[in-house]
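Worksheet for the structure shown next.
Each reported figure results from applying straightforward, stated rules to the coordinates on display, with no laboratory input. Just so we're clear, the structure is a prediction, and the values are computed from it rather than from any experiment. Neighbour counts run over all protein chains shown; Cβ positions are idealised from the backbone, glycine included.
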Amino acid sequence: MAEELSIKQDGIVSLTENHDLGSLIKPLTKEIHLFDSFVAGTTHLSDKSVLDEIGIGDKLTLKREDNKFDSNAILILTESKKKLGYVPEKDNVIFARLMDAGKLLIARIAKIEKRGSFTQISIGIYLIDF
């Protein structure tokens, strides 16, 4: 049993076999990749300058929105809290349930493609695990 934690009488936690704790204990916070999607609604932005301010790898905030057209609407905001668009309706049901249950989700920009006047933004959606 080479990598087991044990608690000594003085309350100190140690690894058996004198191994380093780093190989056994995971980081306290990590991002778990859940899904790849895209940003919906970029053609309807009132401030299109936001499209010039984003880059690949940017962290995006996901926020539930009370929306009369979609009860599972999830707003996507840039790091500066500007509206970028939405998680597509076809993809948002599970993510809305997770967020409603108190889970923290974020997105990261994976790819940006400009096609004439249209900009397609591919994102990865991540669960923040504590």
I'd like the Karplus ³J(HN,Hα) series for the stretch 95-100: coefficients 6.51, -1.76, 1.60, θ = phi - 60°, whole numbers in Hz, and an x wherever there's a Gly or Pro. 5, 4, 4, 4, 5, 5
Taking a straight Cα-to-Cα line shorter than 20 Å from K68, and setting aside same-chain lysines fewer than 8 residues away, one finds K83, K90
Checking the cross-link filter: which lysines have an alpha carbon closer than 16 Å to that of K82, excluding same-chain neighbours under 8 positions apart? K48, K59, K63
Low-density loop positions, chymotrypsin sites (Phe, Trp or Tyr not before Pro), the stretch 42-124 - DSSP coil, at most 10 other Cβ in 10 Å: F69
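Please sort by residue number the trypsin sites (Lys or Arg not before Pro) in the stretch 39-75 whose DSSP state is loop and whose Cβ has at most 12 other Cβ atoms within 10 Å.
Working: sites: K48, K59, K63, R64, K68; in loops: K68.
Passing sites in the stretch 39-75 are K68.
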Got a sec to turn the phi values of the stretch 109-117 into Karplus ³J(HN,Hα) couplings, 6.51 cos²θ - 1.76 cosθ + 1.60 with θ = phi - 60°, whole Hz, x for Gly and Pro? 6, 9, 7, 10, 10, 9, 10, x, 8
Could you tell me what fraction of 2.2 N^0.38 Å the Cα radius of gyration of the stretch 26-129 comes to, as a two-decimal ratio? 1.04
Those GluC sites (Glu not before Pro) from the stretch 70-130 that are DSSP loop and have at most 15 other Cβ neighbours within 10 Å turn out to be E79
Could you go through the stretch 85-90 in sequence order and give the Karplus-derived ³J(HN,Hα) for each residue, using 6.51 cos²θ - 1.76 cosθ + 1.60 with θ = phi - 60°, rounded to whole Hz, and x for Gly and Pro? x, 9, 5, x, 4, 5
Interchain or sequence-distant (5+) residues whose placed amide H lies within less than 5 Å of the amide H of L34 are I125, Y126, L127
